[in-house]
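Read the structure below first, then the notes.
Each reported figure results from applying straightforward, stated rules to the coordinates on display, with no laboratory input. Because the structure is predicted, anything quoted here is derived from the model rather than measured. Using ideal geometry, Cβ is built from the backbone for each residue, glycine included, and neighbour counts are taken over all protein chains shown.
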Amino acid sequence: MPKEVKWAISFLAGGALLWLGWRFYIVLVGLHVIVCLVLMGVILLQSGEAADLAGAFGGSGSQTAFGPRGASNLLSRATTWCAVMFMFTSMALAVHVRTMGGGGAGRSILEQFSKPAPKSAAPAPINPSQIPPPSAPAPAQPTPAPAK
């Protein structure tokens, strides 16, 4: 089977899962959590680009600009698929919360939850008789001796 057909099938399956998640919010959240966990696992299972002894000293074993490029294996393809699905589920969650939850029509989170200061006409004048008398003066602080 050609690889374009495989990608098309995987995107159709992902789209179907997103559609199902749009209808049932808990499915979308569960799919997002599963994709996050799989993406973390796949990334951690991969070896680094310069994981050999030459990489420890700055060499990459090849004269290409970005290091040696091997054939993409199952882990790198799974990383690509999970990263794409992570982006799609993140965008779907953001749009779903905004449209279904009444997210504030273009306002930011800070604007939604910050309370404006109450508007008053003018501050009330202070009556001098309401000001408490000052307490006894504080004792004088001794000045420290200069360092020699």
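Of note:
- Highest average first, the peptides 17-24, 83-90 ordered by how many other beta carbon atoms sit within 10 Å of their residues are 83-90, 17-24.
- Here the calculated FRET efficiency for VAL29 and LEU110, from their Cβ-Cβ distance with R0 = 30 Å, stands at 0.80, rounded to the nearest 0.05.
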